[in-house]
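Read through the structure below, which is laid out as structure tokens, and then see the notes.
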């Protein structure tokens, strides 16, 4: 722990900004999904000319590939906000424990130096 030099106010500021940015994930994911749907809709079809389109619409190979891409990246997309939240929580808890340790060290020193001098210390006042 001697290599740590944490500035709690700085940590709070960074965590606040990170939480703010992470709070925008939902909007970004909605835009991501809407973008894939829009791309698939306009990607073209494999319907022969003059053929009536099916009721649900017709999708071609590009639309199919986009759908597969979305399905295969779904867990990656879900991972981002969960990982962000865990990181923020971990940094906050680690900082809190650091401060507790810092306070504990101060308390220990205060208790140590508030004790009456020992006979040995009385012999050598430089201690």
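The values are calculated or read from the model by the stated rules, or taken from the named source; none is laboratory data. Just so we're clear, the structure is a prediction, and the values are computed from it rather than from any experiment. Don't worry about glycine lacking a Cβ; one is built from the backbone with ideal geometry, like all the others, and counts go over all protein chains shown.
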*Pick from 36, 15: which is under 19 Å from the mean Cα position of the chain (by Cα) and surrounded by 13 or more Cβ atoms within 10 Å (Cβ to Cβ)?*
15
*Please go through the range 94-106 and pick out each residue that is more than 13 Å from residue 12 (Cβ to Cβ) and either within 18 Å of the chain's Cα centre (by Cα) or touching a residue at least 40 places away in the same chain (Cβ under 8 Å) (or both).*
101
*Starting from residues that are at pLDDT below 80 and surrounded by 10 or more Cβ atoms within 10 Å (Cβ to Cβ), keep the ones in the range 107-127 and report whichever is nearest to the chain's Cα centre (by Cα).*
117
